[in-house]
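Undergrad: Pasting a structure below so you can have a look.
Computed from the coordinates by the stated procedures, all read-outs in this text should not be read as laboratory data. Here the structure is a predicted model, which is why all the values come from computation and not from measurement. Here Cβ is always computed from backbone atoms with ideal geometry, including for glycine, and neighbour counts include all displayed protein chains.
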Amino acid sequence: MDPSQVKLPPIMDMNAETITENTIAINAGNQDPRAKYVLERLVHHLHDFARETRLSTQEWMTGIEFLTAVGQTCTDVRQEFILLSDVLGLSLLVDAIDHPKPPASTEGTVLGPFHTHEAELVVPGTQISKDEQGEPLLVLCTVKDTQGRPIDDVMVDIWETDSGGFYDVQHADKDGPDGRCAMRSDKDGRFWFKAIKPVSYPIPHDGPVGKFLKGVYRHPYRPAHMHFMFEKPGFDKLVTAVYDRVDPYITSDAVFGVKDSLIVDFWPLESAVATDYLSESERENISAWSILRYDFVLVSEEEAGSLRDLNSMAALARLGKRMKVYNGLPVPEVD
């Protein structure tokens, strides 16, 4: 780039007091107001962090090496950066900001690093797990809007671990998706399937994120849960999960995913229900079966957008910032 063809502000007299304003000034040519604002605040907070902690060169290099190791650990089936975001609580925070939920709607939670796009579209009643060691589970669900009306044709993604606490992608010898599926809600907003009762398990802790957890005396375990993701045009995408109330890790989830409204009970399957949903051979061992019932409530895109704008402006007003909404996101108000 020819310097004579670019109008850049002069940056001079570099020291600990002027570096921040100089960095922001030279980045100010960004024509996207949202990107410009995000970058400005990122620089401010990074520099203030270094000043506040009096960050040493050795500590800075340790951080660089840690992030390098996180990147080197990422593969097509393992996203160590998402895992890092999860254990720092950032994933849940971003989801809560970007997908606000009005009262009585289903709350979101972390996506986790093991969602894939290879789930097979199946019909209601499909057994999604090939694990014969797992405890059999019948799952009966509905999906409605905030007015209580059933929503049909919602694409529902579902995934869980096997009885050993491993997702299918963690098995080198896997021969296709297992413990996961996609299905659509029917005209009454219902969807149901057979699975296995979820178990608690450790997040991958053989990499840099695991070393971090050990270094701060935290365990790597997640309470037993099952993931769900809902998508339909006109509705805000919902990524959520339900968690077993009696799991020993319910109050110390390594990735902060548990919310009170997402805690559920797994009850013994009643014979009357089993007659409607299980085959004759499955009913022979009915005492082994549990049932999960859950009613999901989706928020419309319009509801979510209005609430997002309202929450953003209120939060920034409390910080004393004059803002406006640009493409659905806050940017500084300029006279």
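Undergrad: By per-residue mean of other Cβ atoms within 10 Å, what is the highest-first order of 266-275, 84-93?
TA: Peptide ranking by packing, descending: 84-93, 266-275.
Undergrad: At what distance in nm do the modelled label points of D76 and D152 sit from each other, each positioned 7 Å from its Cα along Cα→Cβ?
TA: Inter-label distance under the simple model: 3.9 nm.
Undergrad: So which of K36/K101; K130/K211; K101/K211; K36/K211; K214/K324 end up more than 31 Å apart by C-alpha?
TA: Numbers: K36/K101 28 Å; K130/K211 33 Å; K101/K211 34 Å; K36/K211 35 Å; K214/K324 43 Å.
Correct reply: K130/K211; K101/K211; K36/K211; K214/K324.
Undergrad: Using only the alpha carbons, work out the radius of gyration and Dmax of the range 1-55 in angstrom.
TA: So, for the range 1-55, Rg and Dmax equal 12.8, 40 Å respectively.
Undergrad: If you average 1/r across every pair of different Cα atoms in the chain and take the reciprocal, what Kirkwood value do you get, in Å?
TA: Numbers: mean 1/r = 0.0435 Å⁻¹.
Kirkwood radius, the chain: 23.0 Å.
Undergrad: Further, regarding this structure: Find the centroid of the Cα atoms in the range 227-268 and in the range 100-146, then give the distance between the two in whole Å.
TA: The range 227-268 and the range 100-146 have Cα centres spaced 10 Å from each other.
Undergrad: Please work out the Cα convex hull volume for the range 50-195 and give it in Å³ per residue.
TA: Cα-based convex hull of the range 50-195, divided per residue, equals 154 Å³.
Undergrad: Compute the distance in nm between two label points, each set 7 Å from the Cα along the Cα-to-Cβ direction, one at D265 and one at N27.
TA: Those two pseudo-labels are separated by 5.1 nm.
Undergrad: Grab the other residues whose beta carbon is less than 13 angstrom from that of I19, score K and R as +1, D and E as -1, and report the net. Display every interim value, and only then the final one.
TA: Details: positive: R51; negative: D13, E17, E21, D48.
With Lys, Arg at +1 and Asp, Glu at -1, the net is -3.
Undergrad: When the chain is fully extended, how far beyond the present Cα-Cα distance does M14 get from R190, taking 0.36 nm per residue of separation? Before the final figure, lay out each step's value.
TA: Values: separation 176, 0.36 × 176 = 63.36 nm, distance 6.30 nm.
Roughly 57.1 nm would be gained on extension.
Undergrad: If you don't mind, there's one more thing I want to ask. Of the peptides 99-108, 324-333, how do they stack up when ordered by the mean number of other Cβ atoms within 10 Å, highest first?
TA: Values: 99-108: 17.6, 324-333: 13.6.
Result, highest mean Cβ count within 10 Å first: 99-108, 324-333.
Undergrad: Let me ask you something else. Under 11 Å from a label point 7 Å along Cα→Cβ of D276: give me every residue in the range 197-228 with its amide N that close.
TA: None, by backbone N distance to the label point.
Undergrad: I would also like to ask the following. Could you work out the local net charge near V264, counting Lys and Arg as +1, Asp and Glu as -1, over the other residues with Cβ closer than 12 Å to its Cβ? Before the final figure, lay out each step's value.
TA: Details: positive: K197, R245, K259, R293; negative: D244, D247, D260, D265, D295.
After counting each charged neighbour, the total is -1.
Undergrad: Given a Förster distance of 45 Å, report the FRET efficiency between A69 and S287 from their Cβ-Cβ distance, rounded to the nearest 0.05.
TA: Numbers: r = 48 Å, r/R0 = 1.07.
Efficiency computed from Cβ-Cβ geometry: 0.40.
Undergrad: Taking R0 as 41 Å, what's the FRET efficiency between T62 and Q5 from their Cβ-Cβ distance, rounded to 0.05? Don't skip to the answer; put the middle values down first.
TA: On the way: r = 40 Å, r/R0 = 0.98.
Here the calculated transfer efficiency is 0.55.
Undergrad: Helix-only mean residue ellipticity at 222 nm, the chain, DSSP H runs n ≥ 4 weighted -39,500 (n - 2.57), per residue, nearest 500. What is it?
TA: -9000 deg cm²/dmol
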